[in-house]
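The values are calculated or read from the model by the stated rules, or taken from the named source; none is laboratory data. The model shown is predicted, which means the values in this text are computed figures rather than measured ones. Virtual Cβ from ideal backbone geometry, glycine too; neighbours counted across all protein chains shown.
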Amino acid sequence: MSDRFTEAPISKLIGFHVQPATEQDSEIGRAVVELDIDERLNNPMGRVHGGVLAALSDAAMGIAFGRTLQSQQDFSTIDLHIHFMRPVRGKKLIATGTMIQRGLRIGFLQCTITDDRGREVASSSCSCTILMDAALTDATLPG
């Protein structure tokens, strides 16, 4: 099952590999995003840069939330919190984003990132909001 969130430009730039959605993934709001590691993603100490981990978790949670939307709906991340648990020098990262709760406009998600040895390297959470239709928003704004 394919969705519009699987092939984002940022995914191509950084090298994210988004696993195709199953029907259950779309129902519950879940996404798995993998990233092969190489030296281009390292900080000066030779470990994966924290910003890469944050981008990976943002992608996994955003895709998970996006998969629950109707085709005409868009969304934006409101906030993102990440906890780095260990430095990363492995060959691959796997981020699993899962929706915890969703209301009419806001969703709350979490993500776990593991390395190629199955160790948890980061944990994150975010909230996302469904954006109103641009035509309705533009018509109701003053000026």
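Data overview
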{"read-out": "Condition check for Ile37: within 12 Å of Val88 (Cβ to Cβ), hydrophobic (A, V, I, L, M, F, W, C) and in contact (Cβ under 8 Å) with a residue 12 or more places away in the chain", "value": "yes"}
{"read-out": "Residue selected from segment 64-106 under the condition over 20 Å from Gly51 (Cα atoms) and charged (D, E, K, R), by the criterion surrounded by the most Cβ atoms within 10 Å (Cβ to Cβ)", "value": "Arg67"}
{"read-out": "Residue, nearest to Glu39 (Cα to Cα), within segment 94-119, restricted to residues that are more than 13 Å from the chain's Cα centre (by Cα) and of a type in the set (A, V, I, L, M)", "value": "Ile100"}
{"read-out": "So Asp25, is it touching a strand residue (DSSP E or B) at 6+ places or on another chain (Cβ under 9 Å), at pLDDT 95 or above and part of a helix (DSSP H, G or I)", "value": "no"}
